[in-house]
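The values are calculated or read from the model by the stated rules, or taken from the named source; none is laboratory data. The shown structure was predicted, so the numbers you read here are calculated from the model rather than taken from an experiment. Note that each Cβ is placed from the backbone with ideal geometry, even for glycine, and that neighbours are counted across all protein chains shown. Surface areas here come from the heavy atoms of the whole protein model, side chains and all, with no ligands, DNA or RNA. Shrake-Rupley method; radii C 1.70, N 1.55, O 1.52, S 1.80 Å.
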Amino acid sequence: MTMESQGFNPGVFDWLLKHIKDALILINESGEILQLNPAADLWLGQSDGTKRSIYEFFDINQLNEKREIQLLARMKTKDRRLFQLRMFKVQEQLYCILLHPVRFNESRNKVFHELHSKRVDPIEGMVIHNNGKIVECDSSFAKMLGYTRKELLDMSVFDLVDPRYQKILEKNVNATEESSYQLKGRKKDGSTLYVEILSQPYQEDDEMLRMALIRDITAQIEHEKRMEFIAYYDELTDLPNRNYFNQVLKETIVETKQAGGKLAVHFMDVDYFKQINDTLGYHFGDQLLKACSDRLKQLLDEKTFIARMGDDEFLVLQRDIQSKQEAEQFALQMITAFEEPIFVADYELYITVSIGISLFPEDGENANELIKHADSAMHVIKQNQRNHYKLFESSISENFKEMLQMETELRKAFRENQFDIHYQPQIDIQTEKLIGFEALLRWHHPEKGNIPPGVFIPLAEKTGLIMELGDWVLREACKQNKRWQKKGYPPVKVSVNLSAKQFLQKNLVQRIADILKETGLSPHYLELEITESMAVSNEEFIMDTLHGLRNLGVHVSIDDFGTGYSSLKYLSQFPISKLKIDRLFISDDKKQNQAIVKSIIHMSHSLDMKVIAEGVETKEQLEFLRSQMCDEIQGYYFSKPVHPEEADRWLSQIIK
């Protein structure tokens, strides 16, 4: 096989042959010698043109390595001469080898051979010293440390070792038996490296010398340190991670128990982090978490240990406290630490945090219980208040267990068809005739009976099941309305509530269109109800969705109007067909509420929108709304929500 067939430019190698005086050999990946310079020919005797393999001269097996390899090896000749080999890949399937004969006296050579034969990994250097004073070394050892061989002779090996490793060297430098150990060395330029040393004493004349084989293990040590860091630290914030926190907490619990003391675990969550992350991007969110961790690090002292739990959650261990008041005071310090704005990129952010606290031994006897209970307390304060702290109480745990059980039963209910839909009639206030129904989801538990929507709807939203439930309600309501029409009843609208997650789907308009096509219901007989807060959460996106629904022919109304964030701007610009006055303003006959109702009706009509009032239960409420020209009503005064079969009675009255 020629060099040209290997794809190598012979001119480049010719230049190397002329200008490099050291023995130089070019081989392919199978070890066949392709060419060598005169210095190498003196050792290998290849000038007769016979093709030979490098394996005929040396036992080597590192040709497939990508990096440069240095090793010491004996030539397979009678004198067993020792060589230092430097091997590196020139290009694919081509390797270059530089040979350097190692010139030690025979006794040193013998000891070296005994040491080398015990090693599996390639040796990268060798040094001989007398009580720490270097009397001989090879060029590889000198190069490893950035010195010349001449500079190292007569130097002390202690001058080459990091001060923190001096004791290890002192213990092994004059060992009377073979020893293997690791050191951290210092190069001539001040940088460091880690080395593995195999040392053995031997007698030379009247002196006891030590010969050491050296291997650079810096990459291995740094990898091990990296793995250790990943195992115990969070890469983003450089704080300890959950595993490390658990370990420290377990140890601290044992110490605290023995001392009869107390400790506190603080579970901290950054308020509204998800919204910030979704709005400004994950990179921005990472930068914010770094800034939050830096703010927390300011609270570190000998009694505290801080870790990142994950996402936007942090854990703080407070050791050796005397009372729960001391834990509360520290929680306030954490909250206060975030009162100053945090600067990320070009943004000035005012961040708040929610903190749950558990105490040892009152709230748990082990690490898992303390973290779990602090987490539970944090979720309570986050849901109810934010920017505050909450001490764990046993009732929290009970409520949490109930919630978990309810979540399990909720998923089971969906699988086992425990849900159905009731329909509450909507009435034209002037004619008192049926004009539509509102579809309302009901859950009939086989053991607990009817579960109120106010209990299971928030849980469905939290668990994400609301998407499946919402789609099911929408599809079933459209199917039912179409069934009524097929029975010959006059067509009426059916109104369906959308959750925030449903309404904010990017493909909502298409999903509605697909359901209408699947059920065969005309879009004009479907009305979707959304809340005020949903309507103003993302103005541009909402505008596109509402126009898409209007173009489809579907009506959209604002539910529970007056209880959320109201804006005349969106009312005037959004294609909304109806406002529903919340029952809160209907059930209470106070003059203030009546004034609000009058204003809503007047404003809606001026914007060319209809008004429907829910929760109408008395004749007086009906007459008041009629006097104010309200368009539609629904409530127990006319009918509670009913089964589809009972709804037939209302539809049949239209025919009569």
Quick one: putting +1 on the C-beta of Lys and Arg, -1 on the C-beta of Asp and Glu, what dipole do you get for the chain around its Cα centre, in Debye to the nearest 20? 1120 debye
Report the paramagnetic label zone for Glu645: residues of region 490-516 whose backbone N is under 14 Å from a point 7 Å from Cα along the Cα-to-Cβ axis. none
For region 410-654, the dipole about the Cα centre with charges only on Cβ (Lys and Arg +1, Asp and Glu -1), to the nearest 20 debye, works out at 440 debye
Overall Cα dimensions of region 410-654 - principal axes, largest extent first, Å: 48, 42, 37
Give me the three principal axis extents of region 259-385 from the C-alpha atoms, as integers in angstrom, largest value leading. 50, 26, 22
Modelled FRET efficiency - R0 22 Å, Ile654 with Arg483, Cβ distances, 0.05 increments: 0.90
At 0.36 nm per residue, and after removing the present C-alpha to C-alpha distance, how many nm does the segment from Glu623 to Asp608 gain when stretched out fully? 3.1 nm
Beyond 48 Å, what share of the Cα-Cα pairs of the chain is found? Please give it as a whole percent. 50 percent
Per-pair calculated FRET efficiency, R0 = 56 Å: Gln258 and Ser139 via Cβ, rounded to 0.05: 0.45
At Ser191 and Arg386, where each label point lies 7 Å from the Cα along Cα→Cβ, what is the point-to-point distance in nanometres? 5.0 nm
Work out the FRET efficiency for Glu416 and Arg511 from their Cβ-Cβ distance, taking R0 = 30 Å, and round it to the nearest 0.05. 0.75
Add -39500 (n - 2.57) for each DSSP H run of 4 or more in the chain, then divide by its residues: what number comes out at 222 nm, to the nearest 500 deg cm²/dmol? -12500 deg cm²/dmol
Measure of exposure for Asp608: accessible area at 1.4 Å probe, Å² rounded to 10, is 140 Å²
Charges on Cβ only, +1 for Lys and Arg, -1 for Asp and Glu, centred on the Cα centroid of the chain; of Gly45, Leu288, Gln424, which one is farthest towards the dipole's positive end? Gly45
Cα-based Debye curve of region 370-451 sampled at q = 0.18 Å⁻¹ gives log₁₀ I(q)/I(0) of -0.85
Counting pairs of alpha carbon atoms under 8 Å apart in space and at least six apart in sequence, what relative contact order in percent does the chain give? 6 percent
Lys/Arg Cβ at +1, Asp/Glu Cβ at -1, dipole of the chain taken about the Cα centre: which of Gln485, Asn551, Leu263 is farthest positive-ward? Gln485
Given all pairs of distinct Cα atoms, region 364-523 yields a Kirkwood Rh in Å of 18.7 Å
A chain fully extended from Lys290 to Ser577 at 0.36 nm per residue, minus the present Cα-Cα distance, gains in nm 98.6 nm
Chain lengthening between Glu29 and Glu228 when straightened (0.36 nm per residue, less Cα-Cα): 67.9 nm
Of the cross-linked pairs Lys257/Lys372; Lys225/Lys297; Lys257/Lys290; Lys433/Lys482, which ones have a Cα-Cα span greater than 28 Å in the structure shown? Lys257/Lys290
Percent of accessible area on the chain owned by carbon and sulfur, 1.4 Å probe? 49 percent
